[in-house]
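Below you'll find the structure, written out as structure tokens, and then a few comments.
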Amino acid sequence: MGAKILLIEDNPTNLSLMEYLLRAFGHTTISATDGASGVALAAKERPDIVLMDLYLPTLDGFEAAQQMRALATLKHVPIVAVTASALVGDRDKILARGFDGYIAKPITPETFVSQVESFLPK
């Protein structure tokens, strides 16, 4: 049984690729294209994991993660940044602001699903 994965990504090409890869490995995906609707969808759907870009319309990923962390039902859901911000120091900043980890863009199709699955509760 796959995981329910919420993708919050405003780039249609990136979103389609992530959906395709995750579904091919048996996961269910739900998606939002901006931070505010992503937070609302997370609260409603209670996904097993959230994958989120940092630079989004309405609410950036940092603010969206903070709002999700404030909800008791989402407090223990892993939130992973999927971002091109992979410079030295970015990782620490991302983890300090409520994320459980990050996956660098552009994603590598051969390893993306195993990277995501590494953040799922065992």
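Each reported figure results from applying straightforward, stated rules to the coordinates on display, with no laboratory input. From a predicted model like this one, the values you see are computed outputs, not experimental measurements. Here the Cβ positions follow ideal geometry from the backbone for every residue, glycine too, while neighbour counts run over all protein chains shown.
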Exercise for the section: Check region 84-91 and report whether any residue there is touching a strand residue (DSSP E or B) at 6+ places or on another chain (Cβ under 7 Å) and in contact (Cβ under 8 Å) with a residue 24 or more places away in the chain. Expected result: no
Problem - Subset of region 99-122 (residues that are farther than 16 Å from ILE49 by Cβ and not in a helix (DSSP H, G or I)) - result: ALA104, LYS105, PRO106, THR108
Handout entry: Subset of region 47-98 [over 26 Å from THR28 (Cβ atoms) and part of a strand (DSSP E or B)]
Key = none
Handout entry: Index of the failed condition, GLU9 passing every other in (1) out of contact with any Asp or Glu (no Cβ under 8 Å at 6 or more places or on another chain); (2) surrounded by 19 or more Cβ atoms within 10 Å (Cβ to Cβ)
Key = (1)
Exercise for the section: May I ask you to list the residues in region 1-37 that are polar (S, T, N, Q) and under 15 Å from GLN115 (Cβ atoms)? Expected result: ASN14
Practice task
Could you tell me which residue of region 99-122 is surrounded by the fewest Cβ atoms within 10 Å (Cβ to Cβ), considering only residues that are in contact (Cβ under 8 Å) with a residue 24 or more places away in the chain and of a type in the set (A, V, I, L, M)?
Solution key: LEU120
Problem - Unmet requirement for ILE79, which otherwise passes all of (1) within 18 Å of PRO121 (Cβ to Cβ); (2) of a type in the set (A, V, I, L, M); (3) surrounded by fewer than 18 Cβ atoms within 10 Å (Cβ to Cβ) - result: (3)
